[in-house]
Amino acid sequence: MIGSNENAQAPKTSGKPQFLTVDELAEMLRVKPRTIYEMVSQGRIPYRKVGRRVVFLLAEILEWTNPKPQPGAFAVKTRS
């Protein structure tokens with residue numbers, strides 16, 4: 001049947017890098033696209049240029065958003 005969702009499946013990832021546009025990243029981070037452009041110009045976010053377009057590798061953005069230990073920060077030991 002045309003238009004039926006009976007056989008609909010989630011898109012499969014083929015192991016290829018997934019790129020995000022400025023608008024997609026802004027939505028993901030819940031900021032305005034202008035903020036993303038400012039972060040790019042300040043070198044505060046990992047990005048790639050494709051011609052005149054700015055794109056972002058999802059894997060790099062996920063790594064970038066993970067908390068990183070600060071130099072000089074101490075670790076809290078727990079008893080085992």
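Bear in mind that the values in this text are calculations on the coordinates, not laboratory data. All of these numbers come straight from a predicted model, not from anything done at the bench. Because the Cβ atoms are built from the backbone with ideal geometry, glycine has one as well, and the counts that use them run over all protein chains shown.
Here are the numbers for the structure shown:
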| quantity | calculated |
| --- | --- |
| Which of LYS49, LYS16 has the fewest Cβ neighbours within 10 Å, and the rest in rising order | LYS16, LYS49 |
| ILE61, ILE36 arranged by Cβ crowding within 10 Å, fewest neighbours leading | ILE61, ILE36 |
